[in-house]
Amino acid sequence: MRADVVVGAVQPGSGGAEVAGRVVAVIDVLRASTSIAVALAHGAKAIIPFESAEEAVLRSKAFERADVRLAGERRMRAIPGFDLGNSPAEFTRDAVEGKTILFTTTNGTAALLSVQGARDVVIASFVNFSPVVAMLRAALRGGTDVTIICAGRERQLALEDVACAGRYVRAIVEPLPGVVVNDAGRACMVLDQRYGAHLNELFADAEHGQALAAAGFAADLDWCAAIDSYPVVPIYQERQITKLGPERER
Ligand code: MLT
C-alpha cells in the first residue's frame, strides 16, 4: 500500500494517476481547509467550491437568498458583496447553520477542484486531524492507497501545508509499517519533526502566516493551529462538501 504526498494542485497533464481510485486528502491549512471544517462543525448544510467569484454568484441565483452564504477571499480579503470572507472565526453557528455555502478561495478550492477520479476526497487540516487520520488509516487497512495534496500558495510549496501533511503521514504510517511513502511524504515528515510541537513557530516562519498577520488576520493563526478543535470529516462528493456522519459512513 502507498501513502503519497503531492505538492500543489494535481497537474492537468498528469492523467490523474496520483489520485485515481485513491482516498485523497486535500490540505490548505491557511485557511480554506480550516474554515471548511469550522463551517461544517457549526452546522453548515453543504459547501460548494467554485473557481471564480462570478460562478459562485451565478449559482447563488438558483437558491433562495436566505438559504445561501457567499464566502471566500482574494488576496486574503473578503470578496466585495460576499457575506463572509475566509476567516475561520466568521463561520459561526449563527452565520452558517442550515446554510449552503458557495465558497471560492485562491488556492484551496482550486486544489480541490483539480482532483478527478478519486475514490473519496476529504478535506484535512490541524483542526480535524484525528478523525481524518482514522479515515485514511481505514482506507489503507482496506486496501486503498492514500494521496495527500498540499494546496500550497500561488502554485508554490507552502510550509504550513507540508508540515501538516507530514503529521498526517507519520500518524497514518506508524501503526502500518508496510506502507510505502514517496520522497515528498518523507520530506514532509522531517518538517513535522521540526515544527509539529511548535505550530506558532511554523506559522511565524511560513510566508502565508506572515502575510496573514501583516494583513490583520493574526487571530486566524490560533484557530488554524488548534489541533482537533473541530473534529469533523468533510467529504467532497458530487460537487459539494458535506460532513461525514452516521448516514455517510465509509
Ligand atoms: C486559499 O485558499 O488560498 C487560502 O485559504 C487563502 C487565505 O488565507 O484566505
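The values are calculated or read from the model by the stated rules, or taken from the named source; none is laboratory data. Since the model is a prediction, treat every value here as computed from it, not as a measurement. Backbone-built Cβ (ideal geometry, glycine too); neighbour counts: all protein chains shown. The protein model used for the area step is the full one, side chains on, heavy atoms only, and it has no ligands, DNA or RNA in it. Shrake-Rupley method; radii C 1.70, N 1.55, O 1.52, S 1.80 Å.
Checking each residue in segment 29-43 for being open to solvent by less than 10 Å² (accessible area, probe 1.4 Å) and either without any contact (Cβ under 8 Å) to a residue 24 or more places away in the chain or in a loop (DSSP other than H, G, I, E, B) (or both) picks out V29, L30, R31. In segment 99-126, the residue that is farthest from I48 (Cα to Cα) out of those that are more than 12 Å from the chain's Cα centre (by Cα), open to solvent by less than 30 Å² (accessible area, probe 1.4 Å) and of a type in the set (V, I, T) is V115. When each of A56, A62 is tested for being more than 16 Å from the ligand (Cβ to nearest atom) and not in a strand (DSSP E or B), the lone residue that passes is A62. Selection of segment 203-239 for residues being in contact (Cβ under 8 Å) with a residue 60 or more places away in the chain, over 30 Å from M135 (Cα atoms) and exposed (fewer than 15 other Cβ atoms within 10 Å of the Cβ) yields A211, A215. Answer yes or no as to whether P177 is open to solvent by 80 Å² or more (accessible area, probe 1.4 Å), in a loop (DSSP other than H, G, I, E, B) and at pLDDT 95 or above. The answer is no for P177.
Sort out which residues of segment 150-178 are among the acidic types (D, E) and in contact (Cβ under 8 Å) with a residue 40 or more places away in the chain, and write them in order of number. Scanning segment 150-178 gives E154, E160, D161.
A quick yes/no check of all residues on (1) more than 15 Å from R2 (Cα to Cα); (2) aromatic (F, W, Y); (3) in contact with a His (Cβ under 9 Å, 6 or more places away or on another chain):
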| residue | (1), (2), (3) |
| --- | --- |
| T109 | yes, no, no |
| F129 | yes, yes, no |
| V133 | no, no, no |
| R141 | no, no, no |
| T147 | no, no, no |
| A158 | yes, no, yes |
| C164 | yes, no, no |
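Residues being within 11 Å of the ligand (Cβ to nearest atom), surrounded by fewer than 17 Cβ atoms within 10 Å (Cβ to Cβ) and not in a strand (DSSP E or B): count how many of those fall in segment 75-90. Going through segment 75-90 one residue at a time, the tally reaches 1. Hey, any hits in segment 183-206 for a residue that's within 14 Å of the ligand (Cβ to nearest atom) and either in contact with a His (Cβ under 8 Å, 6 or more places away or on another chain) or in a helix (DSSP H, G or I) (or both)? Yes; the residues of segment 183-206 include at least one that is within 14 Å of the ligand (Cβ to nearest atom) and either in contact with a His (Cβ under 8 Å, 6 or more places away or on another chain) or in a helix (DSSP H, G or I) (or both).
Can you find a residue in segment 161-178 that is hydroxyl-bearing (S, T, Y) and closer than 23 Å to A39 by Cα? Yes, that holds for at least one residue. One residue is enough: does segment 59-71 have a residue meeting the conditions in contact with a His (Cβ under 7 Å, 6 or more places away or on another chain) and surrounded by fewer than 24 Cβ atoms within 10 Å (Cβ to Cβ)? No - not one qualifying residue is present in segment 59-71.
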